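The values are calculated or read from the model by the stated rules, or taken from the named source; none is laboratory data. Nothing here was measured: the structure is a model prediction, and the numbers come from that model. Positions of Cβ are backbone-derived with ideal geometry, glycine not excepted, and every protein chain shown enters the neighbour counts.
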Amino acid sequence: MTGSKWKVNESLIRRFQSVGRALLLCDLEDSHSGNIALRWKNPETGRDQLVITSTGSQKGDLAASDICFLPAEGTDYGYYKASSETDIHARILALEGVSASVHAHTKHLTFVTLDEGDKPGRPAPFIPVDPLGHYHLGGLVPVDRFAVPSGSREMTETVPQRLSDHRVTAIQGHGAFAKARTIEEGLFRLCIADNSGYVVQMAERVGVDVATLRAGIQAAPDAHFSYPPDEYTIADDQSCDFPEEEELVREFYKAGARIFESRLSPFHTGSLSVRGIAALLYAPKAAMPREISGPLLRTPLAADSADSPELALHKAIYELSNFQTIAHCHVPEAEALAHFVYPGESRPNDRIVPIDAEGSFFYLVIPVVPPKTEVETLVRLLHDYKVVIVRGGGVWGVGAQSLSEVLHHPSSVREICQYRVAAYERGLDLRALEPEKAGKW
Amino acid sequence: MSLPDGYHGRILEVDLTTGGVQVTALEPALVEDYLGGRGLATRIFYAASDPACDPLGPENVVVLATSPLLGTNAPTSCRGHMVFKSPLTGVIGSSNSGGTWALVFKSTGYDVLVIRGASAEPVMIDITPEAARILPAKHLWGLDVHETTARLLSEAAGNKRGRVLCIGPAGENLVRFAAVMNDKNRAYGRGGPGAVLGAKKLKAIRVRGNLKTTITEPERYQSGLEQARYLIKAVPTTKRLLRDMGTSGLIRLINVIDMLPARNFQDNRHSFEELENAGGEALRDTILVRPGACGVCPLACQRHTQVGPRKGEGPEYETLALLGPNCGVYDLEAVTLANYRCNELGLDTMSCGTTIACAMELFDKGIIPPAAANGLELRFGNHAILEELVERIAFREGLGDILAEGSLRLAKHFNHPELSMTVKGLEIPAYDPRASYTQALGYMTSPTGACHLRGGYAVSLAFFGGAKEIPRFSLLQSPIAIRNMQNLGLIQDSLGICRFTGYAFGTEPWSRMASGVTGRDFSTARLEEIADRIAALERLFNLEAGVTPEDDTLPARFSTEPLVVAGQQRVVSREVITRLRSDYYEARRWDRLGRPTAGLLSKLRINGRQT
C-alpha cells in the first residue's frame, strides 16, 4: 500500500483496528479467526470498494497491510491476502441496507447451538432468553449445519440468505455472521449474540429449565423483559456534550472501558449517568472499549416523554432519591442466575446470596425482582442494597458520589454469580454455603 | 407511638439561672424524625433557642445529645453532640466529640442534656442515675482541664464509671474559640462552646453511670456490625493508616494533592525536608508513646506522646497543619507542646492555629506593629512563640486579648478583614479549597462556618475515597457530592459514630445496626430523609440568625491568588463560587436565597418556630 493510500484510508484502517481489537477483547475470536468487511466509497475514485481483513490476520493487531481493498462488485480472487470468506461477505454486503459484515467465532453461541443431529440437516434456531438478545436479534438466530463449515460454496449460498431476514446467523461448530450498517454495529450484534449464548450456557450450568423459559418467552415475550433496549445508533459515537468537565469525561471513559473489558455488559450496551442539578450526563452505550467510545450526552434531568425507557428509568430513580450516579449493566451471569431455582423449589429466587467472603460483606444479599417492578420498589431496594438484579432487565447499581463507586456494583455482582455457578457445578449445597443471616434479609 | 429501644426516654434539663433541674420525657416522634446526636440536639435546640440571642448571654441554650447506638459495641459509637449558638460565628454551633464522656452520660439514664440560663457563681453539674445536681465549683475555677478532671474524679466515690467534661481557663475567659473538653484531651472544639459554658459559669459536668443500652433485634444489629467490622479491616485507611500514624499521617498525603496550607493559606508548597520533620512519620519515630482509642473504637487514631518530661495527646492532623505549616512552622515538638497547652487550657487548636497564622501575616505585612505584639516576634516560622501565644490567648493577655476574638475580629481590628481565612467567622481547616471544588463548597455551605466535618468530609472523596473518589474540579458533580457527604456526616453525627468510618463504608451497615437496636425501620432512605430534615433545620436557624447567601462564600484570597494544583494554576473564581452555591441550594431544594422551600419543609414535617 502506498503512502498516499495510507493517508486517505487512515481513519478507516484505525476503525478496523479498533473493531478487531474489541473482537479479541470480547473473546469472540481466537488469535487469527474471523473477518471484518465493509462497503466503502473511496474518496479518491468515488467508487465503492469492499474492504476486508486479510486471511490469517490477527484481528487484535491489524496492520494497515492486513486490510484489503477490493472491487465492490465482485470478489477479487487475485488478491492473495483477502479473507477466504470474502465471497460470503460480498454477498452479505449486497443485501439491501447493509454496509458492513462481520464474522467471528462467537464461542458461547456456538457451544449452545451444538447438537447431535444428522448432517447436513438444519438445527433448531437459537432462542435468546435475555432482553438484549431478544430485542436486538429479533427473537432468534438461525443456525445452519454445513458439511464444510468454513468458506464453502454452500455457506456462500446460505449465510447471506439467512441474513436477508435476520441480523445474525450462526454456523454450527464454527461461529456467526452479522450484517450491519457499520463494522461497529457488526461487532455489536455479534457481541449480543455471543452474550445470549453465554447467558443460556450459564443458565444451563445452574440447572435452569431453559426449554420452559424459552417457551414462556415465545408465548409472552414482553412479560419476560423490562422494556426494549434503545435501538443501536451508528452516529455520534465520538460526541461529547460536556467537554468542559474534563475530569468527568475521563471518568466516563474509564468506567466504560472497565465495563467492556471486564464483560459487565456487552459492547455498547448498558448505561451510565451522573446527575447534576438540572442536567443529567448520560452514556447510553456504557460498555465502551477505549478505542470505540459511545456518545456522552447532556440531557435535562426532568422527565421528557421523548425519553427512551432506559433514560426514563435513570431519571425516575434520581427523582426519587439523592443518588448521584447510576450504572445499568447487562451482566450475563446475573441474567442467568436471576432464573435460578433452588433444588426442590418451584419459583426463581428473589435474591442472590453471595457465598464468597468479599461479596458477602459488601452485599449481604442482592435482590432479584421481576421484570416489571415499579420504580418506587426499585428505588427502595437500591437505597438499602445499592444494587438490584431485574430479571430480564439487567443489573442496576447506584452511588452517592462517583462513577467508580457505582461501577463496583455490577463488577461485584458478576463475581458473586460466578462463585455460585462454580459451587453449584461442583455439587455443593448453596443453601449451606450461604451465611445464615442472609436468610433474614 | 412508643419510644424504641436504644433510648432511655429522658431529657435532663438544667436551668443555671434558677438552679432548677427537671427531667422531661423524650417524645418518640422526635427520635423517629431526628434519630439522636446532632439531629436530636438540633431539633431540641431549635425549639428552645432564640436566634437573635447573645451567644454569651444566659438565653443561649446548650443541648448535648447521645444516640441509640451509644452503649452498644458498634464501632466508634461513643460520640456526643453539642449544639449551641456560636459566640465566634453568630450562627449555629454544632460540635461533636469522641472520648467516653457521652457514653457514660448515657449510662446515667438520660439521652439529652439541656442547659439554660447562667449562674452568678461557678458551678458544676453532677449526674448519676440516682440524681442530677448543680454544685458549687468555685474551687475549680481557674484550674486547667487536666487539673479539673483529676480533681473531680478523685472526689467521685462509688463503683460507677466517672467521666468529666469541663472547660479550661480559655472558656472561663470567654475566648471565642474555647473548647469544651472531655476525657482531658477530647474536644467539642469548634465554634466556641467553651466560651458559652464559661459565660454560664458552668465549669464541669461529671457523670457516673452503669445503665445499659438494650438491643431489640440482635441478629439484625449483628449483621450490620459484622459488615462494618469487616470493611474497617479491609480498607487501608481504617485498617492501617490511622492506627499506625494517627491523622498526622495525612500531612504528607494531603501535601501530595496540593491541599496542605502554608503561611495562612498564602501557599501550598512545602519542601520534603520540612515535612520530613513535621508529619506522622516523624511523630511515630520521635515522640509517640502509644496509640489510643476513643470508646469502642478499633481505629485507634489517638496519639499519646511525650516531649521531654511533658506528656499529652496529639497532635492530630488539623492541629499539626494549622499550628505548623500554616504558621510556617515545621517543628514537631513546638507544635506538640502548643497542642498540649491548648488541651490544658481548653482551646480549639484549629481556630487557634489559623488565628495565629492570621496574626503572623498581619505582622509580616507590617499591619501589626512590633509594639503591638508585646515583644513577640510574630513572624511566620517562629516556633518558639507558639506556646506563649496560646497562653496569652487563653488568658487574654496583651495582643492575646484580640487573638482570643478569633481571626476575623482580629483582622477587622487591624482593618484587614481580607486576611482572615474564615467562612462565617469560623477558621478554615487544613485543606486548601483551591485544590477541590467539593472542598470549597463544603466550607461555603457548612452550617457552622468553615468546617471540614459539618461541611462534608470532602477530602475523603479527593484522595482517600477509593471507589468514591470524584473529580476535584467538576462543577456539575460537586454540589450533589458535597450534599451527599454532608448527609452522611449528619447521619454519622446523629448516630454518635466517627467520621473516619466513612473511609470504609457509607450508611448501609449503620442502617442495620440502628434498626436492630431500635427495632424500627431506619432504612438508608429514611436516614437520608432525616439528614435532609436536620440540614433544613440548621439552615432555618442560621437564616433566622441573619445568614444570607453572601455568607456562603470563601475569603477573596481563594478567588484572586492562584496556587499550583496538579500542575495547573487554580483559584475558586467568583463565578465558580456563585454557580456552586446556587446549584447546592437547588440540590438541597432551597430557593435562590438559600431558604428551604415551603414544599420541602412540609415534606420534612418542619413547621419553623412551631416545630
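Test of understanding: among B:Thr18, B:Thr89, which residue is out of contact with any Pro (no Cβ under 7 Å at 6 or more places or on another chain) and either among the hydrophobic types (A, V, I, L, M, F, W, C) or closer than 30 Å to B:Pro549 by Cα (or both)?
Of B:Thr18, B:Thr89, the one residue that is out of contact with any Pro (no Cβ under 7 Å at 6 or more places or on another chain) and either among the hydrophobic types (A, V, I, L, M, F, W, C) or closer than 30 Å to B:Pro549 by Cα (or both) is B:Thr89.
With B:Gln227, B:Gln222 as the choices, which residue is within 14 Å of chain A (Cβ to nearest Cβ), part of a helix (DSSP H, G or I), over 19 Å from B:Ile125 (Cα atoms) and out of contact with any Pro (no Cβ under 6 Å at 6 or more places or on another chain)? Let's see the steps before the verdict.
Numbers: B:Gln227 fails: out of contact with any Pro (no Cβ under 6 Å at 6 or more places or on another chain).
Result: B:Gln222 is the single residue among B:Gln227, B:Gln222 that is within 14 Å of chain A (Cβ to nearest Cβ), part of a helix (DSSP H, G or I), over 19 Å from B:Ile125 (Cα atoms) and out of contact with any Pro (no Cβ under 6 Å at 6 or more places or on another chain).
Tell me, please, whether a residue that is touching a helix residue (DSSP H, G or I) at 6+ places or on another chain (Cβ under 7 Å), farther than 30 Å from B:Leu476 by Cβ, in the same structural domain as A:Ala104 (by TED's automatic domain parsing) and polar (S, T, N, Q) can be found in the stretch A:207-223.
no
Rundown of residues vs (1) part of a loop (DSSP other than H, G, I, E, B); (2) within 14 Å of another protein chain (Cβ to nearest Cβ), yes/no style:
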site: B:Phe505; (1), (2): yes, yes
site: B:Val517; (1), (2): no, no
site: B:Phe522; (1), (2): yes, yes
site: B:Glu528; (1), (2): no, yes
site: B:Leu543; (1), (2): no, no
site: B:Arg579; (1), (2): no, yes
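Just for helices (runs of 4 or more DSSP H) wholly inside the stretch A:122-205: which have at least 3 residues that are over 14 Å from the mean Cα position of the chain (by Cα) and at pLDDT 95 or above?
It comes to A:153-163, A:183-205.
Out of (1) in contact with a Ser or Thr (Cβ under 7 Å, 6 or more places away or on another chain); (2) away from chain B (no Cβ under 14 Å), the odd one out for A:Glu333 is which?
Condition not satisfied by A:Glu333: (1).
Looking only at helices (runs of 4 or more DSSP H) that lie completely in the stretch A:266-364, which have at least 2 residues being in contact with a Leu (Cβ under 7 Å, 6 or more places away or on another chain)?
Answer list for the stretch A:266-364: A:309-319.
In the list A:Ser273, A:Ser321, A:Ser265, which residue meets the criterion of being among the small types (Gly, Ala, Ser), touching a His at 6+ places or on another chain (Cβ under 6 Å) and within 26 Å of B:Leu488 (Cβ to Cβ)?
Details: A:Ser321 fails: touching a His at 6+ places or on another chain (Cβ under 6 Å); A:Ser265 fails: within 26 Å of B:Leu488 (Cβ to Cβ).
Within the list A:Ser273, A:Ser321, A:Ser265, the selection yields A:Ser273.
Got at least one residue in the stretch B:483-495 being in a loop (DSSP other than H, G, I, E, B), in contact with an Asp or Glu (Cβ under 7 Å, 6 or more places away or on another chain), not β-branched (Val, Ile, Thr) and not assigned by TED's automatic domain parsing to the domain that holds B:Thr72? Outline the logic, then answer.
Of all residues in the stretch B:483-495, those in a loop (DSSP other than H, G, I, E, B) come to none.
Checked the stretch B:483-495: no residue is in a loop (DSSP other than H, G, I, E, B), in contact with an Asp or Glu (Cβ under 7 Å, 6 or more places away or on another chain), not β-branched (Val, Ile, Thr) and not assigned by TED's automatic domain parsing to the domain that holds B:Thr72.
If I filter the stretch B:168-178 for residues that are surrounded by fewer than 24 Cβ atoms within 10 Å (Cβ to Cβ) and at pLDDT below 95, do I get at least one hit?
No, there is no match, as no residue in the stretch B:168-178 is surrounded by fewer than 24 Cβ atoms within 10 Å (Cβ to Cβ) and at pLDDT below 95.
Please determine, by comparing only the residues of the stretch A:259-275 that are on the phi < 0 side of the Ramachandran plot and surrounded by fewer than 24 Cβ atoms within 10 Å (Cβ to Cβ), which one is nearest to the other protein chains (Cβ to nearest Cβ).
Top of the filtered list is A:Ser262.
Any idea which of B:Asn264, B:Asn185 is polar (S, T, N, Q), assigned by TED's automatic domain parsing to the domain that holds B:Met350 and either closer than 30 Å to B:Val61 by Cβ or surrounded by 19 or more Cβ atoms within 10 Å (Cβ to Cβ) (or both)?
B:Asn264
In the stretch B:438-476, which residue that is among the hydroxyl-bearing types (Ser, Thr, Tyr) and either assigned to a loop (DSSP other than H, G, I, E, B) or more than 10 Å from every other protein chain (Cβ to nearest Cβ) (or both) is nearest to A:Thr299 (Cα to Cα)?
Only one residue tops the list, namely B:Ser474.
Of the residues A:Ala400, A:Ala432, A:Ala357, only one is more than 28 Å from A:Tyr253 (Cα to Cα) and within 13 Å of chain B (Cβ to nearest Cβ); which?
Among A:Ala400, A:Ala432, A:Ala357, only A:Ala357 is more than 28 Å from A:Tyr253 (Cα to Cα) and within 13 Å of chain B (Cβ to nearest Cβ).
Identify all residues within the stretch A:404-426 that are farther than 17 Å from A:Thr269 by Cβ, in a helix (DSSP H, G or I) and more than 8 Å from every other protein chain (Cβ to nearest Cβ); write none if there are none. Break it down into steps so the answer makes sense when it comes.
Filtering the stretch A:404-426 down to residues farther than 17 Å from A:Thr269 by Cβ leaves A:404-405, A:408, A:412, A:415-426.
Cutting the leftovers down to in a helix (DSSP H, G or I) gives us A:404-405, A:408, A:412, A:415-425.
Result: A:Ser412, A:Glu415, A:Ile416, A:Cys417, A:Gln418, A:Tyr419, A:Arg420, A:Val421, A:Ala422, A:Ala423, A:Tyr424, A:Glu425.
Of all the strands (runs of 3 or more DSSP E) wholly in the stretch B:92-183, which have at least 3 residues that are in contact with a helix residue (DSSP H, G or I) (Cβ under 8 Å, 6 or more places away or on another chain), closer than 21 Å to B:Asp348 by Cβ and not small (Gly, Ala, Ser)?
Qualifying strands (runs of 3 or more DSSP E): B:161-166, B:180-182.
If I filter the stretch B:477-488 for residues that are of a type in the set (D, E, K, R), free of Cβ contacts under 8 Å to residues at least 60 places away in the same chain and at the interface with chain A (Cβ under 9 Å from one of its Cβ atoms), do I get at least one hit?
no
Can you confirm whether B:Pro75 is in contact with a Gly (Cβ under 8 Å, 6 or more places away or on another chain) and either in a loop (DSSP other than H, G, I, E, B) or surrounded by fewer than 24 Cβ atoms within 10 Å (Cβ to Cβ) (or both)?
Against the criterion (in contact with a Gly (Cβ under 8 Å, 6 or more places away or on another chain) and either in a loop (DSSP other than H, G, I, E, B) or surrounded by fewer than 24 Cβ atoms within 10 Å (Cβ to Cβ) (or both)), B:Pro75 does not qualify.
Step by step: first the residues of the stretch A:203-246, then only those that are surrounded by fewer than 13 Cβ atoms within 10 Å (Cβ to Cβ) and among the acidic types (Asp, Glu), then the one that is farthest from the other protein chains (Cβ to nearest Cβ). Which residue is that?
The selected residue is A:Glu231.
When you go through B:Asp348, B:Asp331 one by one, which is the residue that is of a type in the set (Asp, Glu) and closer than 18 Å to B:Gly189 by Cα?
None of the others qualify; the one that does is B:Asp348.
Got a number for residues in the stretch A:27-52 being touching a Leu at 6+ places or on another chain (Cβ under 8 Å) and not small (Gly, Ala, Ser)?
The total comes to 10.
Is it the case that the stretch B:271-294 has a residue that's part of a loop (DSSP other than H, G, I, E, B) and within 18 Å of B:Leu563 (Cα to Cα)?
Our first condition is that a residue be part of a loop (DSSP other than H, G, I, E, B); within the stretch B:271-294, this holds for B:271, B:277-279, B:287, B:293-294.
Filter once more, so that each one left must be within 18 Å of B:Leu563 (Cα to Cα): B:271.
Looking through the stretch B:271-294, at least one residue is part of a loop (DSSP other than H, G, I, E, B) and within 18 Å of B:Leu563 (Cα to Cα).
Check the stretch B:371-379 and report whether any residue there is crowded, with 24+ Cβ neighbours inside 10 Å, in the same structural domain as B:Phe265 (by TED's automatic domain parsing) and in a helix (DSSP H, G or I).
No.
For the stretch B:48-60, state whether one or more residues are in contact (Cβ under 8 Å) with a residue 60 or more places away in the chain and either in contact with a Cys (Cβ under 8 Å, 6 or more places away or on another chain) or charged (D, E, K, R) (or both). Spell out the reasoning first.
Quick first cut of the stretch B:48-60, residues in contact (Cβ under 8 Å) with a residue 60 or more places away in the chain only: B:48-49, B:51-52, B:55-58, B:60.
Then drop every residue that is not either in contact with a Cys (Cβ under 8 Å, 6 or more places away or on another chain) or charged (D, E, K, R) (or both), which leaves B:60.
Yes, there is a match, as at least one residue in the stretch B:48-60 is in contact (Cβ under 8 Å) with a residue 60 or more places away in the chain and either in contact with a Cys (Cβ under 8 Å, 6 or more places away or on another chain) or charged (D, E, K, R) (or both).
If B:Thr448 meets every condition in (1) over 25 Å from B:Ala195 (Cβ atoms); (2) modelled with pLDDT of 95 or more; (3) crowded, with 23+ Cβ neighbours inside 10 Å apart from one, which number is that one?
(1)
Tell me whether the stretch A:383-394 contains one or more residues that are in contact with a His (Cβ under 7 Å, 6 or more places away or on another chain), under 26 Å from B:Thr507 (Cβ atoms) and touching a residue at least 24 places away in the same chain (Cβ under 8 Å).
Within the stretch A:383-394, one or more residues are in contact with a His (Cβ under 7 Å, 6 or more places away or on another chain), under 26 Å from B:Thr507 (Cβ atoms) and touching a residue at least 24 places away in the same chain (Cβ under 8 Å).
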